[in-house]
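Student: Below are the structure tokens for one structure; questions will follow.
The values are calculated or read from the model by the stated rules, or taken from the named source; none is laboratory data. Fair warning: this is a prediction, and the values are worked out from it, not measured in the lab. Glycine also receives a Cβ, built like all others from the backbone with ideal geometry; neighbour counts cover every protein chain displayed. Please note that ligands, DNA and RNA were not included when accessible areas were found on the heavy atoms of the full protein model with its side chains. Shrake-Rupley method; radii C 1.70, N 1.55, O 1.52, S 1.80 Å.
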Amino acid sequence: MAEPTSELPARRGLDRALDHVLERVRRGACRTLRAVRAWRPRHGWGAVVGLVLAGVLASLVFGVTTASVQASLGPHVTRYDVTTDATVTIDFGPLGTLQIDSPLPATLGIRATVQEIPASVTELGEARTLQALSQDLNAYVSFFSGPAAAVRDVANALVADALLRSAVAFLVLLAAWLLLRWLLGPDRRHELGDRLAARARPLGAGALAVAVGATVLTSSVAPGDRPASQPVASAVFAGTPLDGARVTGRLGGVIDTYGAYALDAWRANEDFYRSADDALVVAWEDWEADEERLADEAAEAEARAAIDGAAGDGAADDGAADDGTAPDGGTDEPDSGGDPDGTAGAPAQDADDTGVGPTTDAVATPTASASPTADPGPPVEPIVLVVASDLHCNVGMAPLIGTLARLAGADAVLDAGDTTMNGTSVEQYCVTSFARAVPPGVALVTSPGNHDSRETTDNYARAGAIVLDGGVVEVAGLRILGDRDPNETRVGAGGTASAADETPAQAGRRLADVACDDGEVDLLLIHSPSVGDAALDDGCVPAQVSGHYHRRIGPEQVGLGVRYVSSSTAGATLNQPTVGPLRGVAELTVLRFDPESRQFLDYQVVRVAPDASVSVGRPQPWPAIVEQQDAEDVVGFGPVVPDEPTASQDGATPGG
């Protein structure tokens with residue numbers, strides 16, 4: 001008990017010292033505030049405000065006219081610089097330049113200096129001669145299919161760089177001004193001020209003349225004032241976003257010779273995805289009309305059954321009254337016109353009419369009968385999700401994703417990874433195009449795949465996507481767990497190397513522990529299906545959505561959960577590019593989730609074929625989870641083997 005008593009004087013001394021320091025700080029702040037309030041500029045506030053505005057204006061001019069960023073142009077690394085010639089110039093080096101009038105205000109323009117194609121873009125699939133040129137052409141087609149995203153990214157980067165340069169320039173001017181004032185001292189400043197005040201008018205006129213002369217001498221000639229000998233617009237670009245572009249140097253001959261081929265590829269790409277988008281709208285409206293027709297037919301059949309049942313009951317009562325027997329018996333001869341159950345007139349329901357085959361759910365889970373006193377209340381609107389996977393930079397599919405999200409009334413879009421091809425910096429426009437295609441108010445959630453990188457994922461997040469990073473996020477009322485793919489690889493010298501610091505098994509165990517500790521995870525979104533094995537086996541996640549195989553598998557029970565593997569939304573086919581018109585069938589999936597029962601209700605597959613046709617499947621029921629220890633006791637169920645996924649409904653098997 002003596003130690004606390006002995007510590008009291010020390011604590012009191014510390015408190016007094018702290019109070020003393022705080023009091024001195026308070027007094028110093030008060031003196032500074034009074035000095036600021038009492039300070040008045042010698043030449044009035046107008047001179048100070050004018051000086052500050054002049055500094056800000058000079059800084060902004062410097063920042064804007066010197067802004068420069070390094071981004072991409074198709075597959076190329078490109079340097080963008082702001083100019084003052086009112087022209088957007090794309091410099092291809094010895095080949096020449098491509099010039100179009102700048103949409104920027106005043107005389108501002110942009111010069112894009114095209115540099116090399118990074119080796120990392122093609123090193124995974126190295127090709128030579130015509131095949132290599134074909135890959136480059138696909139990259140250009142992909143870029144020009146969604147140029148707005150790339151242009152917006154470059155514009156945002158240039159604005160940020162201009163603001164940063166302006167702020168630095170203003171701080172430098174302010175520091176130089178304060179340093180000059182300190183070096184001169186108050187007496188010398190007053191002396192120089194008096195001398196300059198007497199010559200204010202001549203000095204002001206001279207400064208204005210210097211500013212105007214510098215502006216005229218350093219500014220380039222605007223397009224309207226250029227001589228008539230300037231290059232004429234290339235006819236190849238007529239009817240394209242580059243209509244009116246002027247070509248200089250040998251690039252003109254290259255474009256005149258081969259530009260038509262590139263434009264044909266661009267036009268074919270635009271026409272294909274425009275037709276596919278229109279076909280999606282028509283197919284969805286046809287499906288909705290079919291669903292409404294089937295609902296009307298079912299309602300009519302139910303009404304007829306009720307009328308026929310009532311008529312049968314009336315006939316039975318009349319017959320019983322005529323022969324003097326009671327309605328419930330009294331005769332050994334059955335009445336063929338009676339129907340105690342009221343279903344004689346109802347047509348038999350065909351399982352195929354519902355879009356699903358025969359199931360054993362009636363054995364595993366008894367059907368609940370309707371209670372006359374039950375009050376179901378208003379139906380609960382399901383949470384609607386649109387699933388895309390393995391887009392591999394096919395920005396042509398971006399509008400279709402947005403259209404399906406709008407038609408289905410989606411609450412969120414799930415991207416199961418592999419949004420890019422190699423995760424390089426020049427693929428930023430890919431993730432930006434996908435993010436901006438999602439309708440406003442609809443969340444976008446992604447689990448990065450093995451072809452994605454931290455750089456492209458960061459760009460995805462800046463564009464508005466929610467990137468899963470090993471934790472649980474709640475989106476539209478759904479609790480989702482996920483992380484980047486532990487199989488992530490990066491291109492290096494001589495091949496590829498793993499960029500992850502853990503194995504797939506370790507990542508799966510970690511995610512399973514997170515899910516079990518949380519206890520309320522609704523969905524595991526992870527690119528590689530096998531990473532979710534541990535969480536499904538433990539029963540800590542009821543559902544998993546993945547990609548990676550480029551084949552649809554399931555939904556099927558794995559462990560104590562249900563796994564669904566989405567096919568490629570880019571129509572990825574072996575040894576075929578994923579940009580340009582589809583080479584294979586692209587698939588999107590609509591999932592519906594009940595927010596009250598916390599269970600998935602159904603899934604609906606939308607397929608886009610290489611001929612730009614679209615088919616919308618009927619919603620299929622989400623499989624019910626059967627406890628493994630009771631599975632063999634249920635007729636039609638055998639032991640669940642989670643390590644051997646079944647083939648998809650179209651007979652496809654998992655790919656690499």
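Okay, residues lined up against (1) surrounded by fewer than 17 Cβ atoms within 10 Å (Cβ to Cβ); (2) farther than 23 Å from residue 263 by Cα; (3) at pLDDT below 70:
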{"site": "141", "(1), (2), (3)": "no, no, yes"}
{"site": "150", "(1), (2), (3)": "no, no, yes"}
{"site": "155", "(1), (2), (3)": "yes, yes, no"}
{"site": "168", "(1), (2), (3)": "yes, yes, no"}
{"site": "178", "(1), (2), (3)": "yes, yes, no"}
{"site": "188", "(1), (2), (3)": "yes, yes, no"}
{"site": "203", "(1), (2), (3)": "yes, yes, yes"}
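Student: In addition: Please verify whether region 125-134 includes one or more residues that are at pLDDT 80 or above, open to solvent by less than 50 Å² (accessible area, probe 1.4 Å) and within 35 Å of the chain's Cα centre (by Cα).
Tutor: No, because not a single residue in region 125-134 is at pLDDT 80 or above, open to solvent by less than 50 Å² (accessible area, probe 1.4 Å) and within 35 Å of the chain's Cα centre (by Cα).
Student: What tally of residues in region 67-82 results from selecting those that are in a strand (DSSP E or B), surrounded by 19 or more Cβ atoms within 10 Å (Cβ to Cβ) and either modelled with pLDDT under 75 or more than 28 Å from the chain's Cα centre (by Cα) (or both)?
Tutor: Residues that pass the stated criteria total 5.
Student: For region 441-474, give me each residue that is open to solvent by 10 Å² or more (accessible area, probe 1.4 Å), within 20 Å of residue 515 (Cβ to Cβ) and not acidic (Asp, Glu).
Tutor: Hits for region 441-474 are 466, 467, 470, 471, 472, 473.
Student: Within region 404-433, track down each residue that is without any contact (Cβ under 8 Å) to a residue 60 or more places away in the chain and either open to solvent by less than 10 Å² (accessible area, probe 1.4 Å) or outside any helix (DSSP H, G or I) (or both).
Tutor: 405, 409, 413, 415, 419, 420, 431, listed by residue number.
Student: From (1) modelled with pLDDT of 95 or more; (2) open to solvent by 20 Å² or more (accessible area, probe 1.4 Å); (3) hydroxyl-bearing (Ser, Thr, Tyr), pick out the condition that doesn't hold for residue 573.
Tutor: Unmet for residue 573, out of (1) modelled with pLDDT of 95 or more; (2) open to solvent by 20 Å² or more (accessible area, probe 1.4 Å); (3) hydroxyl-bearing (Ser, Thr, Tyr): (1).
Residue by residue, here is whether (1) of a type in the set (A, V, I, L, M, F, W, C); (2) farther than 22 Å from residue 584 by Cβ; (3) in contact (Cβ under 8 Å) with a residue 12 or more places away in the chain holds:
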site	(1), (2), (3)
263	yes, yes, yes
268	yes, no, yes
271	no, no, no
279	yes, no, yes
287	yes, yes, yes
292	no, yes, no
305	yes, yes, yes
